[in-house]
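A quick write-up on the structure given underneath.
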Amino acid sequence: MNKRGHVLNALLLSIGLGYILEPAGDVATFEMIAAVIVPVVLGAMIPDIDTAFGRHRKTLHNLFVPLVVGAYPYYHGNLEYVWIGVLSHFALDIMGSRRGLALLYPLTDEEFNLPVGVPVDSKYADAMMLAVTGFELAVAAAIVYEVPQYAFEEGLRAAGLA
């Protein structure tokens, strides 16, 4: 996916996340969108810094990067939503692009992708970006709404209360 696609994906994802996390559609929703939009867009751009150095889709497109970025808020108390942008970048490159990512670099140069991607310059790139964004939002909604409910129900069963 190209930079434009990554930025549009991050913007749309941020708006969707705002509504998933604060679904009322009121001031709280727009505050949540404002809280996530800048870090998610910045996170979506981090992997492409490797176009200036190293090997693109390898140096900063591997599993080590989301681990570091995901741990950053835990140790430093800021940049809480940047990891979402990095993961969305990876999802877009793996699902939306034919080339894929070298997730295990520097151990191997092998690139991983799904067989549904399109070339970066394809006339279908925007449609693919929208499809991946929709998938990401569906996963986010499932995590926010279903996982806690499932965990709660399992906790009740384990305690013998259900």
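The values are calculated or read from the model by the stated rules, or taken from the named source; none is laboratory data. Because the structure is predicted, anything quoted here is derived from the model rather than measured. All Cβ positions, even for glycine, are placed from backbone atoms using ideal geometry, and neighbour counts span all protein chains on display. Accessible surface areas use protein heavy atoms only, side chains included; no ligands, DNA or RNA. Shrake-Rupley method; radii C 1.70, N 1.55, O 1.52, S 1.80 Å.
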- With Cα coordinates, the longest principal axis of the chain makes an angle with the long axis of helix 82-96, in degrees rounded to 10, of 60
- Note on the structure: For the chain, Rg(Cα) over 2.2 N^0.38 Å is 1.14
- Note on the structure: So the angle from the long Cα axis of helix 147-158 to the longest Cα principal axis of the chain, reported in degrees to the nearest 10, equals 50
- Query: Which length gain, in nm to one decimal place, applies between Leu104 and Asp26 when the Cα-Cα distance is subtracted from 0.36 nm times their residue separation?
  - Reply: 23.8 nm
- the chain - percent of accessible surface contributed by carbon and sulfur, probe 1.4 Å: 69
- Note on the structure: For Tyr72, the accessible surface traced by a 1.4 Å probe with all protein chains present amounts, in square angstrom to the nearest 10, to 90
- Message: Once you place label points 7 Å from the Cα toward the Cβ at Arg4 and Val38, how far apart are they in nm?
- Response: 2.7
- Task: Just read off the accessible area of Glu153 with the full protein assembly in place, 1.4 Å probe, to the nearest 10 Å².
- Result: 70
- Stretch Leu67-Ala52 to full length: gain in nm at 0.36 nm per residue minus the Cα-Cα span? 3.2 nm
- Note on the structure: Relative contact order of the chain (C-alpha contacts under 8 Å, at least 6 apart) in percent is 23
- Note on the structure: If one compares the long axis through the Cα atoms of helix 125-141 with the longest principal axis of the Cα atoms of the chain, the angle in degrees, nearest 10, works out at 30
- Helix-only [θ] at 222 nm, the chain, -39500 (n - 2.57) per DSSP H run of 4+, per residue, nearest 500, equals -19500 deg cm²/dmol
